[in-house]
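A.B. asks: Dropping the structure in here first, questions after.
The values are calculated or read from the model by the stated rules, or taken from the named source; none is laboratory data. Just so it is clear, the structure is predicted and the values come from calculations on it, not from any experiment. All Cβ positions, even for glycine, are placed from backbone atoms using ideal geometry, and neighbour counts span all protein chains on display.
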């Protein structure tokens, strides 16, 4: 256990559905990240939040909408996804210059 | 734009051997470098973190080195065991971003 919890662990959704991924940490970290991991590709940074403010959006399509209501929670709202969005979505958190901790990920399948 | 490369992409070695995994990065302006391991379908487990001012870090059978000026890091695994089989990922922190390599898939043969 890293202290970073992601729910759900698995999600199957249709292209017209709306769903949300949740990430939670009570480690006192102030920075939170969303990554996408597809087969045979490096982890792709999607969004970065520092003290609840978005500091990085790595040209992510608008069908992915992040939300960070406080430093402990991070959401990724999904709507009208495409099959190529199927991947493992990983959340991470850290504070300052210390090590980053990752959750177990949500395995998303878009049908 | 920071790019991270890991060599080799895959490696199979007999149990008990010592091995070295390599990581290189294009922009030496980093805050730190972190090595992770990932088991299939799982999240990432942090192994070692090296700050930009440090040269190496050790944890058990693992030793990671950092040469920031040349943009290189190595992860040394001593006396490898079948349980070490996993994908090993190198990541560098630049500003707010943590950028990953594609990883080295390691298989330890019993």
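A.B. asks: Scan region B:78-100 residue by residue and report those that are modelled with pLDDT under 95, touching a strand residue (DSSP E or B) at 6+ places or on another chain (Cβ under 7 Å) and not in a strand (DSSP E or B).
C.D. replies: If the condition is that a residue be modelled with pLDDT under 95, touching a strand residue (DSSP E or B) at 6+ places or on another chain (Cβ under 7 Å) and not in a strand (DSSP E or B), then B:96 is the only one that fits.
A.B. asks: Ok, one more. Mind listing whichever residues of region A:26-46 are within 19 Å of residue A:58 (Cα to Cα), surrounded by 15 or more Cβ atoms within 10 Å (Cβ to Cβ), more than 9 Å from the chain's Cα centre (by Cα) and more than 8 Å from chain B (Cβ to nearest Cβ)?
C.D. replies: Passing the criteria: A:37, A:44.
A.B. asks: Would you confirm, using the coordinates I've provided, whether residue B:31 is within 14 Å of chain A (Cβ to nearest Cβ) and more than 26 Å from residue A:40 (Cβ to Cβ)?
C.D. replies: So residue B:31 passes the test.
A.B. asks: Further, regarding this structure: Looking only at residues in region B:37-52 that are outside any strand (DSSP E or B) and within 10 Å of another protein chain (Cβ to nearest Cβ), which one is modelled with the highest pLDDT?
C.D. replies: Filtering region B:37-52 for residues that are outside any strand (DSSP E or B) and within 10 Å of another protein chain (Cβ to nearest Cβ), the one modelled with the highest pLDDT comes out as B:52.
A.B. asks: Based on this model, can you work out whether residue A:12 counts as in contact (Cβ under 8 Å) with a residue 24 or more places away in the chain and part of a strand (DSSP E or B)?
C.D. replies: yes
A.B. asks: Within region A:20-30, count every residue that is in contact (Cβ under 8 Å) with a residue 60 or more places away in the chain and touching a strand residue (DSSP E or B) at 6+ places or on another chain (Cβ under 9 Å).
C.D. replies: The qualifying residues number 6.
A.B. asks: Looking only at region B:79-110, count how many residues are at the interface with chain A (Cβ under 8 Å from one of its Cβ atoms) and surrounded by 20 or more Cβ atoms within 10 Å (Cβ to Cβ).
C.D. replies: Total satisfying the criteria: 8.
A.B. asks: What number of residues within region B:53-94 satisfy the criterion of being touching a residue at least 60 places away in the same chain (Cβ under 8 Å) and within 25 Å of residue A:32 (Cα to Cα)?
C.D. replies: 7
A.B. asks: Which residues, taken from region B:36-45, are crowded, with 19+ Cβ neighbours inside 10 Å and free of Cβ contacts under 8 Å to residues at least 40 places away in the same chain?
C.D. replies: Within region B:36-45, B:43 is the sole residue that qualifies.
A.B. asks: Test residue A:50 against the criterion of being closer than 30 Å to residue B:31 by Cα, surrounded by fewer than 19 Cβ atoms within 10 Å (Cβ to Cβ), out of contact with any helix residue (DSSP H, G or I) (no Cβ under 7 Å at 6 or more places or on another chain) and touching a residue at least 12 places away in the same chain (Cβ under 8 Å), and give yes or no.
C.D. replies: yes
A.B. asks: Any residue at all in region A:53-74 that's at pLDDT below 95 and under 20 Å from residue B:103 (Cα atoms)?
C.D. replies: There is no residue in region A:53-74 that is at pLDDT below 95 and under 20 Å from residue B:103 (Cα atoms).
Residues checked against (1) crowded, with 19+ Cβ neighbours inside 10 Å; (2) away from chain B (no Cβ under 14 Å); (3) under 24 Å from residue B:45 (Cβ atoms):
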{"site": "A:54", "(1), (2), (3)": "no, no, no"}
{"site": "A:59", "(1), (2), (3)": "no, no, no"}
{"site": "A:62", "(1), (2), (3)": "no, yes, no"}
{"site": "A:69", "(1), (2), (3)": "no, yes, no"}
{"site": "A:79", "(1), (2), (3)": "no, yes, no"}
{"site": "A:82", "(1), (2), (3)": "no, yes, no"}
{"site": "A:90", "(1), (2), (3)": "yes, no, yes"}
{"site": "A:101", "(1), (2), (3)": "yes, no, yes"}
{"site": "A:107", "(1), (2), (3)": "no, no, yes"}
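A.B. asks: When region B:54-77 is examined, which residues are found to be modelled with pLDDT of 95 or more and loosely packed, with under 14 Cβ neighbours inside 10 Å?
C.D. replies: Those that are modelled with pLDDT of 95 or more and loosely packed, with under 14 Cβ neighbours inside 10 Å: B:55, B:58, B:59, B:60, B:61, B:67, B:70.
A.B. asks: So, one more: Between A:65, A:59, which is on the phi > 0 side of the Ramachandran plot and either free of Cβ contacts under 8 Å to residues at least 40 places away in the same chain or out of contact with any strand residue (DSSP E or B) (no Cβ under 8 Å at 6 or more places or on another chain) (or both)?
C.D. replies: Within the list A:65, A:59, the selection yields A:59.
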